[in-house]
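Visitor: Below is a structure I'd like to ask you about.
The values are calculated or read from the model by the stated rules, or taken from the named source; none is laboratory data. Since the structure is predicted, the reported quantities are computational estimates derived from the model, not experimental observations. Neighbour counts are summed over all protein chains in view; Cβ atoms, including those assigned to glycine, are modelled from backbone coordinates with ideal geometry. Each accessible area value is taken on the protein alone, full model and side chains, heavy atoms only, with ligands, DNA and RNA left out. Shrake-Rupley method; radii C 1.70, N 1.55, O 1.52, S 1.80 Å.
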Amino acid sequence: MTEDSQRNFRSVYYEKVGFRGVEEKKSLEILLKDDRLDIEKLCTFSQRFPLPSMYRALVWKVLLALGGLTSR
């Protein structure tokens, strides 16, 4: 095994059994870490992938402009 596959063995396993949630969660965390949220990317992400439950409320509040982040 290579170093990347040893370090990321869970991701490889989840992909083999049909789950892509690990990488999706990382991608969403990267989107949310930005100082300035890219609403278009966030919207596209939420349409293509299931949102992890821990971020679902926040993402929908932002997308619906209820979070106060996009109202200004």
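Visitor: Give me the residue from segment 20-50 that is at pLDDT 90 or above and closer than 19 Å to Arg10 by Cα and, out of that set, surrounded by the most Cβ atoms within 10 Å (Cβ to Cβ).
Guide: Within segment 20-50, the match that is surrounded by the most Cβ atoms within 10 Å (Cβ to Cβ) is Leu28.
Visitor: A follow-up question, please. What pairs come up if the first residue lies in segment 42-65 and is farther than 16 Å from Glu23 by Cα and outside any helix (DSSP H, G or I), the second is open to solvent by 50 Å² or more (accessible area, probe 1.4 Å) and among the hydroxyl-bearing types (Ser, Thr, Tyr), and their beta carbons are under 6 Å apart, counting only those six or more places apart or on different chains?
Guide: Ala65/Ser71
Visitor: Residue check: is Tyr14 modelled with pLDDT of 85 or more, among the hydroxyl-bearing types (Ser, Thr, Tyr), surrounded by 13 or more Cβ atoms within 10 Å (Cβ to Cβ) and assigned to a helix (DSSP H, G or I)?
Guide: Working: modelled with pLDDT of 85 or more: no; among the hydroxyl-bearing types (Ser, Thr, Tyr): yes; surrounded by 13 or more Cβ atoms within 10 Å (Cβ to Cβ): yes; assigned to a helix (DSSP H, G or I): yes.
Answer is no for this residue.
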